[in-house]
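Only one structure is covered here, and it is reproduced in the block below.
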């Protein structure tokens, strides 16, 4: 079965109690022919480095990427070592995906804000380490480093991805990173603006705009799933984003802020202890659905597997190179992927790399 290098999925999508499930998901994904497995990080049982190792060992063709871990949670040498280890473990299928983190949690944990300057400096240092450089007396946005070195034998080509939402961050990413992962619940217009911002940033930096691989992230929740699962993966997921960084979601999509105010002030939402997609009951999620505009929830692939597949393919009309089918396991995605194969344009994606951080094979 041919590999669909243009499609990816998130391992252990959302919340999990058993990270061992990732091994089965990786096997299912390879059987389906999905292209890449993305790993998000939560400070419970979803450590990105551990899960990356598991995914790399449990697969032979899947691209594997962190999407994302944060530069403020590990020493730079540790991050560099995670990447080189994963790179060699996977035979070059790994991409290091970074993000800024959630501002509120960063502050509570004392991690500080990851600025663009800090990210750019860190990426440059990582690339130098992977080339075998010895770095002495570095002073820059990434901090003071008296000595940094891995091995003089290294000449590792490891792509680096940024997970970003705002237009300035996306322009910045286009100038520095090898790839970009966008966000779920982007309208078609927002997706087009976001891709354009990445390409614009690459062009301004003197890079080939087509060399930066852009992944859209599309909630893919077919009606072959139970009603409760559909509620949790659509209403619950979007509501959880609104709980964490609703103002950013509103600004990026140019949505009316009034429904967000209504959502935040709702007594049922306010009294729910934790992320709505994890702890919200069906009754609570039904109530929340009535608070969210249809327009907001429409930015997803829903309906029959055939309708979902058509909506996945339509994403490419708005500029991204690849699509992450978000919020579902490979087993849950199987009918959609099978339907997608029947409408996939022959030859259109043949030049895409199996590594999620590269636009073309090396």
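Just one of (1) in contact with a helix residue (DSSP H, G or I) (Cβ under 8 Å, 6 or more places away or on another chain); (2) buried (at least 22 other Cβ atoms within 10 Å of the Cβ); (3) within 30 Å of residue 264 (Cα to Cα) fails for residue 212. It is (3). Within the option set 111, 125, 119, 51, being in a helix (DSSP H, G or I), more than 26 Å from residue 216 (Cβ to Cβ) and not assigned by TED's automatic domain parsing to the domain that holds residue 241 holds for one residue only, 125. For residue 220, state whether it is under 16 Å from the mean Cα position of the chain (by Cα) and either over 20 Å from residue 97 (Cα atoms) or at pLDDT below 95 (or both). When the stated conditions are applied, residue 220 passes them.
Scanning the range 1-47 for residues that are more than 24 Å from residue 92 (Cβ to Cβ) and either in contact with a helix residue (DSSP H, G or I) (Cβ under 7 Å, 6 or more places away or on another chain) or not assigned by TED's automatic domain parsing to the domain that holds residue 99 (or both), which turns out modelled with the highest pLDDT? Ranking the candidates gives 19 first. For the range 94-113, a tally of residues being crowded, with 21+ Cβ neighbours inside 10 Å, closer than 21 Å to residue 171 by Cβ and in contact with a helix residue (DSSP H, G or I) (Cβ under 8 Å, 6 or more places away or on another chain) returns 3. The set of residues from the range 261-289 being within 26 Å of the chain's Cα centre (by Cα), assigned to a helix (DSSP H, G or I) and without any contact (Cβ under 8 Å) to a residue 12 or more places away in the chain comprises just one member, 279.
Listed here are the residues, each with its yes/no results for (1) assigned to a helix (DSSP H, G or I); (2) under 23 Å from residue 22 (Cα atoms); (3) without any contact (Cβ under 8 Å) to a residue 24 or more places away in the chain; (4) in the same structural domain as residue 198 (by TED's automatic domain parsing).
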| position | (1), (2), (3), (4) |
| --- | --- |
| 310 | yes, no, no, yes |
| 324 | no, yes, no, yes |
| 331 | yes, yes, no, yes |
| 352 | no, no, no, no |
| 357 | no, yes, no, no |
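For (1) assigned to a helix (DSSP H, G or I); (2) touching a helix residue (DSSP H, G or I) at 6+ places or on another chain (Cβ under 7 Å); (3) at positive phi, each residue gets a yes or a no:
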| residue | (1), (2), (3) |
| --- | --- |
| 190 | yes, yes, no |
| 194 | yes, yes, no |
| 206 | no, no, yes |
| 218 | no, yes, no |
| 225 | no, yes, no |
| 231 | yes, yes, no |
| 247 | yes, no, no |
| 250 | yes, yes, no |
| 259 | yes, no, no |
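The values are calculated or read from the model by the stated rules, or taken from the named source; none is laboratory data. Source: prediction; values computed, not measured. Positions of Cβ are backbone-derived with ideal geometry, glycine not excepted, and every protein chain shown enters the neighbour counts.
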